[in-house]
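Notes to accompany the following structure.
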Amino acid sequence: MSDKRLHILEAAEVLFAEKGFDGTSVRDIAAHANVNLAMISYYFGSKEKLLASLIEHRAGYTRDIIEELAKNENLAPFEKIDRLVDLYVDKIFIHSKFHCIVTTHLPTMQSGEIKDMMADIKFRNLEQIKKILADGQKKKVFGKVDMELTVASIMGTITQVTSSKAFYYKVFNIEKNNHELYNRKMIPKLKTHLKQLLHAHLNINNHE
């Protein structure tokens, strides 16, 4: 991907997170990226296609990692689970603006094409995660669990934490909007919690 194209995507990501898709114009994106309108048209064609490119840019990286993780024969089942937790927590905290777009703004969009695109991406990732869980069950490490709701528990916990920052600033006694300190405290805490939760939930010895 060219530097200019990536720069435009990153500018659009900031504005979509702050103002929503409908509240952001192509002119706004051009101004924020310091490019002319023709450049956006050249690279993307339309605002909706720009958003689709942003989604594919962020989601494609995650998809590739999960697929490689599912195929990796050198990692034990619980090692794969731990890496999965690290991947999702890091991804969502590092790309918090994109997560805001997905969880806050996309559900209100009128575009069925974008919603279908997101559904397809989530479905593909879920299928790879289910392979990881099924492999652990086959090796008699994991017990039988509801795979879809297990994944929902991971994502739901991360989303709750990231969408309730004002509350956790008070819990941790952190100055408001000190994102760096918040991340330093929350990321390791969240990773440890999710790993403990999933180890207890999946361990076959807890299903007998």
DSSP loop trypsin sites (Lys or Arg not before Pro) with at most 16 other Cβ within 10 Å: longest gap in the chain: 1-138
Packing-based exposure ordering (other Cβ within 10 Å, fewest first) of 182, 168: 168, 182
Residues 61, 88, 169, sorted so that the one with the fewest Cβ neighbours within 10 Å comes first: 61, 169, 88
Isotropic mean projected area of the C-alpha convex hull, the chain (nm²): 13.2
For residue 203, residues with placed amide H under 5 Å, excluding near neighbours: 143
With Cα atoms, 0 to 90° folded angle of helix 3-19 axis to the chain main axis: 80
Fully extended contour minus Cα-Cα distance, from residue 76 to residue 183, at 0.36 nm per residue: 35.7 nm
R0 of 25 Å, Cβ-Cβ distance residue 159-residue 87: FRET efficiency to nearest 0.05: 0.95
Between the range 1-38 and the range 82-125, the Cα center-to-center distance that results, in Å: 19
Computed label-point distance, nm, for sites residue 123 and residue 173 using a 7 Å Cα→Cβ extension: 5.0
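Helix-derived [θ] at 222 nm for the chain: sum -39500 (n - 2.57) over DSSP H runs of at least 4, divide by residue count, nearest 500? Kindly include the intermediate steps, with their values, before the conclusion.
Working: 10 runs with 154 residues, N = 208.
Helices in the chain give a 222 nm mean residue ellipticity of -24500 deg cm²/dmol.
Neighbouring Cβ atoms within 10 Å as the yardstick, rank 157, 24 fewest first.
Working: 157 16, 24 21.
In order of increasing Cβ crowding within 10 Å: 157, 24.
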P(r) of the range 1-62 over all Cα-Cα pairs, binned every 5 Å from zero, in whole percent: 4, 20, 35, 27, 11, 3, 0
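Throughout, read-outs are computed from the coordinates displayed, never taken from laboratory work. For clarity, every value in this text was computed on a predicted model and none was experimentally measured. As a convention, Cβ positions derive from the backbone with ideal geometry for all residues, glycine included, and neighbour counts pool all protein chains shown.
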